[in-house]
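Below is one structure, written out as structure tokens; comments come after it.
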Amino acid sequence: MRSVMTSLLLAFLAAQTFSGCKDDKPVAQQQDTRPRVKVCALSEGLTFEDAVTVQGSVRTKFTAAVASRLPGTVDEVLADEGDRVKAGQPLFQVDRVNLENQVAIAKDDQAVAAAAREEALAAQAEAEAAQIKAATDEARFARLYNDSRSVTKDAWEKAQLQLRSADAALARAKAAVASADARILQAATSLRIAEKNLADSRGLAPFDGVITQKLRDRGDYVGAGTALFMLDDPRVREVCLLLSADRYADVTVGKTEIETSFGQRLPVTYKAPTVNAVSRTFEIRAVLKPDPAVAPGMLCTARVVFASRKGSGVPAGAVGLRDGKTVVFVVTTEGTVSAVEVRKGASAHGMTEILNPEALGNAQIVSEGMLLLNPGDAVKAVR
């Protein structure tokens with residue numbers, strides 16, 4: 001066993017001696033230790049947008065709470081949730097019997113007023129006849145007294161008194177006729193009111209739409225203004241968004257556009273005339289194109305595009321801050337990096353607009369890794 005170990009040791013020493021006798025290999029070339037940076041050129045003709053992303057909701061443009069105009073008990077409910085209705089279609093009836101009775105009473109009052117007028121006209125005719133007779137008697141007595149003293153002065157004075165009484169009775173009869181005429185007009189007005197109340201007791205659909213909610217049922221007592229149905233017109237839908245007040249002047253109806261998460265780009269159709277004093281926000285809306293996948297009440301993420309322009313840009317990662325300045329690193333011909341101050345504009349799709357592209361020209365711009373570099377660092381540019 002010991003002889004075997006001795007043989008192995010001698011063989012190992014011989015191998016080491018043999019290898020030490022060989023010529024040394026040439027020294028390997030020195031490796032390039034410069035950090036590699038990805039570079040790009042300034043991109044021109046890019047579209048940049050001044051935009052903000054907000055969330056809003058979808059709603060129907062035309063919505064109505066169909067309410068009772070009169071207090072009373074609901075006699076009939078003529079529609080249900082989900083029903084499609086036409087403009088003018090009856091939806092419910094309130095207190096019909098009571099209101100029909102009021103119409104009948106108003107018609108009776110009108111007939112009574114007409115009869116009273118006929119009676120007043122008859123009284124007027126009687127008073128006119130009495131006045132004519134009194135006027136004739138007074139004239140005769142005056143002639144007899146003045147011409148021949150055939151009657152006493154007292155008799156003439158009594159005839160004059162009778163004439164004045166007849167004139168007053170005639171005036172009273174004419175006033176009664178005028179009063180009867182006024183009562184006829186009053187009765188006609190009362191009849192129109194009763195008929196209008198009867199008509200208002202039947203709720204009608206204000207426009208074509210779909211019943212989304214039924215809030216009351218038959219037998220319920222409702223007050224004036226109590227809603228029985230919620231009605232929406234599903235044909236016209238709009239997205240509603242809230243923006244900060246500092247962008248109020250940037251929104252122009254018909255010009256500013258909204259890019260929705262539903263894939264639609266739409267012009268603004270409404271801008272609130274005032275800013276909410278509490279939230280300091282204002283509302284804008286845009287009418288959506290028909291889309292069966294969009295329903296009222298859905299959440300909508302949208303980009304509000306205030307302005308759009310063409311310009312030059314670099315990847316967003318190529319722009320940073322150094323010593324309080326916005327800079328871009330470029331690779332010089334000597335293989336080092338240099339900081340170039342730029343003016344930053346809008347951002348879009350991972351690109352940042354450069355408002356002074358002449359400062360960069362055809363330079364190799366460090367597009368990634370600039371945060372790890374300092375001006376003067378030696379780098380190896382790769383694309």
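The values are calculated or read from the model by the stated rules, or taken from the named source; none is laboratory data. Keep in mind that this is a model prediction, so the values were computed, not measured. Backbone-built Cβ (ideal geometry, glycine too); neighbour counts: all protein chains shown. Surface areas here come from the heavy atoms of the whole protein model, side chains and all, with no ligands, DNA or RNA. Shrake-Rupley method; radii C 1.70, N 1.55, O 1.52, S 1.80 Å.
Take region 341-380 and flag every residue that is under 11 Å from Phe329 (Cβ atoms), assigned to a strand (DSSP E or B) and of a type outside the set (Asp, Glu). Gln364, Ile365, Val366, Ser367, listed by residue number. Taking the numbered list (1) of a type outside the set (D, E, K, R); (2) in contact (Cβ under 8 Å) with a residue 24 or more places away in the chain; (3) over 29 Å from Gln110 (Cα atoms) in turn, Ala169 passes all entries but (3). For region 281-308, enumerate the residues that are over 15 Å from Val54 (Cβ atoms) and either part of a strand (DSSP E or B) or in contact with a His (Cβ under 8 Å, 6 or more places away or on another chain) (or both). Of everything in region 281-308, those that are over 15 Å from Val54 (Cβ atoms) and either part of a strand (DSSP E or B) or in contact with a His (Cβ under 8 Å, 6 or more places away or on another chain) (or both) turn out to be Val287, Ala307, Ser308. The residues listed here are Thr260, Thr256, Thr269, Thr336; of these, the one that is surrounded by 13 or more Cβ atoms within 10 Å (Cβ to Cβ), in contact with a helix residue (DSSP H, G or I) (Cβ under 8 Å, 6 or more places away or on another chain) and of a type in the set (S, T, N, Q) is Thr256. Evaluate the following for Glu368: is it open to solvent by 20 Å² or more (accessible area, probe 1.4 Å) and in contact with a helix residue (DSSP H, G or I) (Cβ under 7 Å, 6 or more places away or on another chain)? Judged against the criteria, Glu368 is a match.
Restricting Glu157, Glu195 to residues that are surrounded by fewer than 14 Cβ atoms within 10 Å (Cβ to Cβ), at pLDDT 90 or above and not β-branched (Val, Ile, Thr) narrows the list to Glu157. For region 73-92, filtering for residues that are in a strand (DSSP E or B) and surrounded by 19 or more Cβ atoms within 10 Å (Cβ to Cβ) leaves 4. Could you tell me whether region 342-359 includes any residue that is in contact with a Ser or Thr (Cβ under 9 Å, 6 or more places away or on another chain), open to solvent by 40 Å² or more (accessible area, probe 1.4 Å) and free of Cβ contacts under 8 Å to residues at least 24 places away in the same chain? Checking region 342-359: at least one residue is in contact with a Ser or Thr (Cβ under 9 Å, 6 or more places away or on another chain), open to solvent by 40 Å² or more (accessible area, probe 1.4 Å) and free of Cβ contacts under 8 Å to residues at least 24 places away in the same chain.
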